[in-house]
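See structure below.
Quick note: the coordinates plus some simple rules give every number you see, no bench work behind them. None of the values given here were measured: they were computed from a predicted structure. For neighbour counting, all protein chains shown are included, and Cβ atoms are generated from backbone atoms with ideal geometry for every residue, glycine included.
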């Protein structure tokens, strides 16, 4: 390579290095920040002060609560995940472990604390039911 080509070659490489560095910094500055997903879960309602019934086993803990206006609340602490596909939580009103005649509360199966306002006082217990395979899990009677 002759000296004029070497000189032009060196200038091109230096310019390319500077342009790539400036382009990289400019790309970082205009890159939008990562979006932050807000919680899709609603706030947990306050627990009613009076516990009427309390049941606990190795899978869950249930408190049936009442406030001063005689409104009722079911508090459920799920200790282990429900091992059913697409589990639905039902209030057992009829005494039968199937959805017919019982009240659907929520689709849930993850470990955690849940509170539900309930309007039926004839609750015999709760159970989880999977509409995909028709099986039940954690049938629990309120004593």
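Taking a spot 7 Å from the Cα of residue 136 along the direction of its beta carbon, which residues of the stretch 77-94 have an amide N less than 14 Å from it? Output list for this probe position: 88-94. Here the chain is treated as an ellipsoid with the same Cα gyration tensor; its semi-axes, largest first and in whole Å, are 64, 19, 12. Per DSSP helix of 4 or more residues, -39500 (n - 2.57); summed, then divided by the residues of the chain. What does that give at 222 nm, rounded to the nearest 500? Computed ellipticity for the chain at 222 nm equals -7000 deg cm²/dmol. A crude spin-label estimate for the pair residue 15 and residue 30, with each label 7 Å from Cα along the Cβ direction, gives 2.1 nm. When the square roots of the Cα gyration tensor eigenvalues are ordered a ≥ b ≥ c, the ratio a/c for the stretch 67-143 is 1.5 or more and a/b does not exceed b/c, which makes its shape oblate. To the nearest 10 degrees, how steeply does helix 3-30 sit against the main Cα axis of the chain, on a 0 to 90 scale? Approximately 20 degrees, to the nearest ten.
For the stretch 1-63 and the stretch 92-143, what is the centre-to-centre distance using only Cα atoms, to the nearest Å? Using only Cα atoms, the two centres lie 40 Å from each other.
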